[in-house]
Structure formats: structure tokens, C-alpha cells
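Read the structure below first, then the notes.
The values are calculated or read from the model by the stated rules, or taken from the named source; none is laboratory data. This structure is a prediction, so every number in the text was calculated from the model and none was measured. So basically every Cβ, Gly included, is an ideal-geometry build from the backbone, and we count neighbours across all protein chains shown.
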Amino acid sequence: MIQRIQTLYLSAAIISYILLFFFPIADYANEIQGTYRLFVTGMKYTEQHTTVNFWATFPMLGLLVVAAIFTVISLFQYRKRKTQLLLVNLSILFTIILVGLIFLFYADHFFQDVVKVRPTYQFGCFVPLISLVFLLLSFRAIRKDDALVKSTDRLR
């Protein structure tokens, strides 16, 4: 049902997941080595427009794809609210792990191993937080909808 508010929240979360493919997560600027940009699809060297390291960011890409798939599936499970709640919970879990990986592991990993320059966080770093907010809002709306259906069942 397209008119339900949780459908809009889930759609906004999916759009924010898609935006993460286009915006960099962090920039590593060094006068000697040049500028590197961390994307979900890998670390890119901006002077030559080449991907330096794809496999190091593969877990981040995998978590993003799994969370997006669970969100898309939950978007079409509007008749089965229990399944929809479970899928949204799993998507929230994977998004929290993704945010933890971005802030705790990847920024420091590339700082210590590759560039040795502190990162400057870009818009892509905060996109999973935006999708997390939309997922939490959709979870709340689904629970509210489920409570409304249960209350009408009691009156019969």
C-alpha cells in the first residue's frame, strides 16, 4: 500500500542507500601522495581516477547491499507486518554495523595503513545515519499500524 507512511520512510531509506554509491565517505589529502577518496566501492586516487583498493572496502559494500535488499523486500511485505518488522530490524542492525565500520574501522584503517593523513569526512559518511533514521521511523510506523490492527480485532 503506497499510501502508508512507512512505505515513504522505507523508500527514503532506499534512496539514501543508493546515494551512498555516489558520494565519497572521506578524503585523504596529502601533498606528497595526492588525494585519495574513500567510496563504498573502494579507495580511489583522484589524480588518475583509478580504484586503488576495492577488496578492503568489500565488507562495507556487502553490508550496504544486504541492508538495501532487506529494505526493498520489507517495502513489499506490507500485508505481513511481522515479517516486515523483522526485515526492518535486520536492516537496522546491518546499517548500525555499517556505521560502526565507517567511523571506527575504515577511517582509521586507511589513516594508518595507506595514506597516513587524517581523513576529512564527507557527505557519504553521514548518509547511513540518514537511512538509519528513516528505518527507525518506519519501524515505529509499522508497530503503530500493527497495534491499530490488533485493537480493531479486539472490538469485533
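The table below lists the values:
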quantity: Condition met for F134 (at pLDDT below 95, under 22 Å from the mean Cα position of the chain (by Cα) and crowded, with 17+ Cβ neighbours inside 10 Å); calculated: no
quantity: Number of the exception - P119 against (1) surrounded by fewer than 16 Cβ atoms within 10 Å (Cβ to Cβ); (2) modelled with pLDDT under 90; calculated: (1)
quantity: Pick from segment 1-26, criterion at pLDDT below 85 and assigned to a loop (DSSP other than H, G, I, E, B), ranking: surrounded by the fewest Cβ atoms within 10 Å (Cβ to Cβ); calculated: Q3
quantity: Extreme residue, surrounded by the fewest Cβ atoms within 10 Å (Cβ to Cβ), among residues of segment 27-46 that are of a type in the set (A, V, I, L, M, F, W, C) and modelled with pLDDT of 80 or more; calculated: F39
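To keep it simple, each residue is scored yes or no on (1) touching a residue at least 12 places away in the same chain (Cβ under 8 Å); (2) assigned to a loop (DSSP other than H, G, I, E, B).
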| position | (1), (2) |
| --- | --- |
| Y28 | yes, no |
| I32 | no, yes |
| M43 | yes, no |
| L63 | yes, no |
| V72 | yes, no |
| L85 | yes, no |
| G100 | no, no |
